1. Out of curiosity, is residue A:837 closer than 24 Å to residue A:750 by Cβ, of a type outside the set (Phe, Trp, Tyr) and free of Cβ contacts under 8 Å to residues at least 60 places away in the same chain?
2. With respect to residue A:220, is the statement that it is at pLDDT below 90 and in contact with a Phe, Trp or Tyr (Cβ under 7 Å, 6 or more places away or on another chain) true?
3. For the subset of region A:10-34 comprising residues that are more than 9 Å from every other protein chain (Cβ to nearest Cβ) and aliphatic (A, V, I, L, M), which member is surrounded by the fewest Cβ atoms within 10 Å (Cβ to Cβ)?
4. Would region A:616-624 turn up any residue that is under 28 Å from residue A:738 (Cα atoms) and touching a residue at least 24 places away in the same chain (Cβ under 8 Å)?
5. Would you check which residues across region A:723-744 are under 16 Å from residue A:703 (Cα atoms) and among the polar types (S, T, N, Q) and list them?
6. Given the criterion more than 43 Å from the chain's Cα centre (by Cα) and modelled with pLDDT of 65 or more, identify the matching residue among A:80, A:5, A:16.
7. Mind checking which residues of region A:255-274 are under 19 Å from residue A:429 (Cα atoms) and of a type in the set (A, V, I, L, M)?
8. Could you look through region A:650-678, keep only residues that are under 26 Å from the mean Cα position of the chain (by Cα) and surrounded by fewer than 20 Cβ atoms within 10 Å (Cβ to Cβ), and pick out the one that is modelled with the highest pLDDT?
Amino acid sequence: MAWKRLFGRARRDRDRDEELRLHLAMHTDDLIGRGVPPEEARRQARVLLGNPRSRREEMDEMQQLPVLETFSRDLRYAVRLLRRTPAFSLTAIAILALVIGANTAVFSLANTLLLKPLPFPDADRLALVRAEFTSSRGTSSGTSIDGATWLALAASPLGAHAAVFTNWTAGVNLVVNQQARFADQQRVGAGFFRVLGVPPAMGREFTAEEDVPGGPPVVILSHALWTRAFGGADSILGQTILLRGTPWQVIGIMPEGFRGTVEADVWTPLRPTTTGEGGGTNYAAIMRVPERQSLADASSQLAPVLGEAMRAQMGSSGVTVKAGLDPLKDVLASDNREPIVMLGAAVTTVLVIACVNLAALLLARGGARSKEIATRLALGSGRRSVMRQLMTESLVLAMAGGTAGFMVGWFALGGLQAISGDRFVDWQRVAIDADVVMWCAGLSLLTSLICGLVPAWQVTRLDVQAALMEGGSRSVAGSASHWTRRGLIVAQVALGVVLLVSAGLLVRTFVNLQSLQPGFNPRGLTTTAVSLLDARYPSPVEVNVLFDKTLERLRATPGVDAAAVSLGLPYERVLNMGFRYPGEERGRVASVMYVSPDFFKTFQIPVTRGREVRVSDAAATLPVLVVNEAFGRIYSKNQDILGRVIQFAGAQREVVGVVGDVQMRPGFQVEGMVPGPVVSAPTIYMPAAQINQGIVGTHIWFPPVWAVRASSPEVAARALADAIAGVDLLLPLGQIRQMSDVRASATAEHRMLMMLVGALALVALLLAAIGLHGLISHSVTERTREFGIRLALGASPSGLVRTVAESGIALVAIGVVLGGLIAVPASSLVASVLFGVTERDPLTYAGAAMFLLVVAAVASVLPALRILRLDPATTLRQ
Amino acid sequence: MTRKATGTQGDLLQGTLDLLVLQTLQIGPAHGYDIASTIARRSDEVLQVEQGSLYPALQRIEERGWITSYWGMSGSNRHARFYKLTAKGKRQLATEATRWDALARAVARVMRPV
């Protein structure tokens with residue numbers, strides 16, 4: 001209807017004209033009929049009708065869609081104006097694109113990983129059992145439980161709604177058509193998929209009868225593996241496949257795109273026990289809270305049952321246990337929350353700075369346009385319509401910036417995924433979706449509102465007469481707008497300080513981490529992990545035969561200087577086990593690695609005392625150990641550790657050597673260790689030849705790693721592949737990694753946060769500098785005449801420059817002080833990732849302040865220097 | 001200017017003009033000038049509808065769907081736009097007339113001698 005009215009206007013205009021003309025004619029005829037002379041009749045009729053033009057306009061007005069038409073007019077005007085000042089427009093759009101892009105990228109991470117519900121039906125009701133242990137040494141918590149705790153939960157009234165599973169996968173060897181493949185295996189209990197609410201697309205899930213020790217070997221495949229390895233053939237159901245060297249029967253295929261608690265290719269029954277694996281906290285339990293109950297209800301109902309089972313496991317060690325349920329979503333997101341929240345805070349800060357900056361730019365522009373605006377007001381344009389016009393301009397800017405920002409966001413997300421690398425695996429599956437598009441559009445709109453309001457508000461205070469009289473040489477509302485702009489500069493600087501302090505703290509942390517001595521030589525060292533989760537490697541004998549044969553081949557390869565096998569690597573998570581001194585009750589914990597002879601030579605870890613592991617340390621000879629210096633320092637303060645005997649891994653073993661410390665990620669903390677993301681943990685190295693069955697059992701968590709020191713990474717990679725394939729063709733080789741990469745990935749999170757927050761801080765600094773530069777150069781332009789007079793009267797040019805520049809530096813000083821105050825609480829956001837520096841590090845604060853002041857001085861002095869080039873004579877004549 | 005000249009005769013309340021137009025069209029279809037002169041005649045020349053109000057009013061009423069218009073021939077054999085009451089217009093007229101009656105009676109009661 002409305003559109004028809006718009007388009008049919010020309011025809012109707014003619015109609016109206018015709019109607020009015022006929023009216024006039026009829027009236028004239030009528031008057032003539034009553035005896036009025038024709039000339040007089042026409043005059044009277046015309047007088048009564050009034051101005052036909054204004055009648056027409058009045059009727060036109062009614063025909064319009066006022067909002068739409070004025071908006072499109074404003075829009076055309078705005079675009080025309082912005083095109084007339086391309087430098088300003090492009091700067092504004094570029095700033096917006098940058099910050100909106102950064103925000104879009106971080107939002108897409110937050111949306112997928114923190115905000116969106118999990119892809120399970122009624123996912124809010126899913127929870128994991130969680131325990132909090134409090135002792136005199138502090139509180140630790142986790143979602144790991146032992147077999148006894150699971151049995152207690154299964155026997156409780158809520159047991160029917162729960163399932164046990166392992167929340168990690170093991171790389172296993174899958175043989176299809178005589179070809180070895182690498183597959184991620186997750187072990188889950190009966191009912192796991194039922195609790196998640198996602199049944200297999202084909203076949204069935206594990207029954208309780210199958211999920212017992214010694215149960216039948218049955219397996220469920222992921223849709224991806226099924227199509228990749230078996231071509232998606234239905235006939236696979238009921239068939240057997242070779243997994244870890246033994247036959248397993250396929251009983252189900254999961255739906256396409258299904259992802260459980262972790263990424264996995266095959267699922268096998270967990271077969272929970274209370275001894276062996278089940279004797280430690282190696283399980284997790286998932287529960288779907290029944291409809292009639294709230295999560296808190298179920299949690300408090302289960303707390304005593306779980307608490308009792310966990311206390312039994314702890315013994316009487318003075319540790320108190322608090323058990324309950326945690327939403328599944330919170331547990332799965334826990335790794336990602338901290339960095340995403342941190343990045344989110346940083347990009348939001350930059351967004352606010354950019355808004356403030358743009359508002360200041362638009363305000364300055366409003367000042368330059370004061371004459372134009374005053375003219376429009378004087379000609380009868382309403383203040384409201386001028387405001388609307390200014391808002392439309394910022395809307396056009398924000399929309400252009402938003403569109404460009406969306407593209408920037410697309411690339412930024414790719415960049416984030418690239419630099420997060422293998423530290424944040426979950427980030428890789430984040431994609432831009434409809435939510436992100438909506439959010440980006442909304443953000444652009446909001447930005448235009450914030451940026452446009454201040455300058456539009458200034459217009460309402462414009463003194464038309466003054467602006468016109470001054471000939472446009474003064475700005476909007478004189479000094480009032482300067483105060484607003486000064487306030488905006490202070491705000492920008494303050495927020496910039498906050499970011500700069502956080503970035504500085506992260507830089508110091510990273511430098512501290514980088515300056516830690518690795519304790520070995522990572523250069524020229526190439527490694528690969530090989531999963532031995534295979535029926536052909538059940539005991540120490542077979543494992544050691546494999547080690548000996550492959551190492552023999554490696555050592556014989558030209559270009560290979562040294563080669564070794566170990567369980568665990570420096571800079572990686574390693575096995576932790578308890579040990580005790582004979583005659584002592586108290587157990588202690590240490591990181592444990594088994595190593596082949598030559599390990600220390602290959603890694604170039606210095607043997608400080610005693611000897612290293614030798615070929616002569618065999619299964620039949622006396623059990624020996626090598627420990628690191630941290631071990632002696634922490635666990636044998638009063639006695640030389642060399643020569644001491646330790647009860648460990650089922651035997652009494654003598655310490656025959658002490659080696660230097662290397663950096664590790666042990667995941668435990670004892671007195672005497674410097675806390676941090678990588679640390680020198682007390683470590684036991686045992687000869688691979690002397691491991692027992694229990695250590696072989698840990699292969700389900702940690703695969704042994706082959707390391708080669710060779711002339712080049714290519715030589716090393718080929719040597720590793722050839723040597724292992726030459727001994728066992730069916731063993732799948734893991735990823736080949738340079739030790740320097742392993743080292744880098746241990747600090748990848750810190751490097752990433754430092755780089756991102758640092759880059760954002762630089763953007764903030766740049767924006768603040770642009771804003772300050774603009775303010776000073778604007779005030780110089782405005783006061784040209786005044787300066788001319790002062791110069792003519794004998795003022796020194798350098799004195800004037802100082803006065804002008806000082807006003808800018810003073811603003812920054814205020815901003816720095818304010819920002820420093822805000823930074824104290826704000827930097828607590830990064831406190832948890834700091835290393836070797838506290839969140840109130842005075843050096844960082846002083847550095848950030850100095851840095852900003854220097855930038856401010858440059859940004860203020862540069863535009864002020866123009867005063868030196870002023871010629872009083874020309875200035876005054878103008 | 002015209003408005004000022006005729007304004008002394010008293011501007012009609014907008015709603016009242018609509019009512020008058022509708023009431024006039026109840027007699028039968030009519031063109032603009034006819035409507036204006038009919039209202040003048042029936043009010044004994046007291047109510048002079050200013051053209052400047054009449055045509056915008058006609059347009060407004062037409063947009064509300066109370067009247068429709070078509071081009072036809074007038075009595076003096078002239079081309080003219082005729083306005084005609086719609087069913088919706090008739091209903092509107094009934095409501096408006098009732099309301100006007102009530103208002104007129106109320107004003108009369110207030111204005112009775114004190």
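1. Values: closer than 24 Å to residue A:750 by Cβ: yes; of a type outside the set (Phe, Trp, Tyr): yes; free of Cβ contacts under 8 Å to residues at least 60 places away in the same chain: no.
So residue A:837 does not fit the description; no.
2. Details: at pLDDT below 90: no; in contact with a Phe, Trp or Tyr (Cβ under 7 Å, 6 or more places away or on another chain): yes.
It is false that residue A:220 is at pLDDT below 90 and in contact with a Phe, Trp or Tyr (Cβ under 7 Å, 6 or more places away or on another chain).
3. Within region A:10-34, the subset more than 9 Å from every other protein chain (Cβ to nearest Cβ) is A:10-14, A:17, A:21, A:28, A:31-34.
Filter once more, keeping what is aliphatic (A, V, I, L, M): A:10, A:31-32.
Details: A:10: 7, A:31: 19, A:32: 15.
Once the filter is applied, the top-ranked residue is A:10.
4. So in region A:616-624, the residues under 28 Å from residue A:738 (Cα atoms) come out as none.
No, region A:616-624 contains no residue that is under 28 Å from residue A:738 (Cα atoms) and touching a residue at least 24 places away in the same chain (Cβ under 8 Å).
5. Result: A:735, single match.
6. Working: A:80 fails: more than 43 Å from the chain's Cα centre (by Cα); A:5 fails: modelled with pLDDT of 65 or more.
None of the other options fit; the residue is A:16.
7. We begin by selecting, within region A:255-274, every residue under 19 Å from residue A:429 (Cα atoms); these are A:255-265.
Of everything in region A:255-274, those that are under 19 Å from residue A:429 (Cα atoms) and of a type in the set (A, V, I, L, M) turn out to be A:262, A:264.
8. Within region A:650-678, the first condition is being under 26 Å from the mean Cα position of the chain (by Cα), and the residues that meet it are A:663-668, A:675-678.
The next check asks that each one be surrounded by fewer than 20 Cβ atoms within 10 Å (Cβ to Cβ); those that pass are A:665, A:667-668, A:675-677.
Working: A:665: 84, A:667: 73, A:668: 77, A:675: 78, A:676: 80, A:677: 80.
It comes out as A:665.
The values are calculated or read from the model by the stated rules, or taken from the named source; none is laboratory data. Keep in mind it's a predicted model, so treat the numbers as computed, not measured. Positions of Cβ are backbone-derived with ideal geometry, glycine not excepted, and every protein chain shown enters the neighbour counts. In case anyone asks, the SASA skips ligands and DNA or RNA and just uses the protein heavy atoms, side chains included. Shrake-Rupley method; radii C 1.70, N 1.55, O 1.52, S 1.80 Å.
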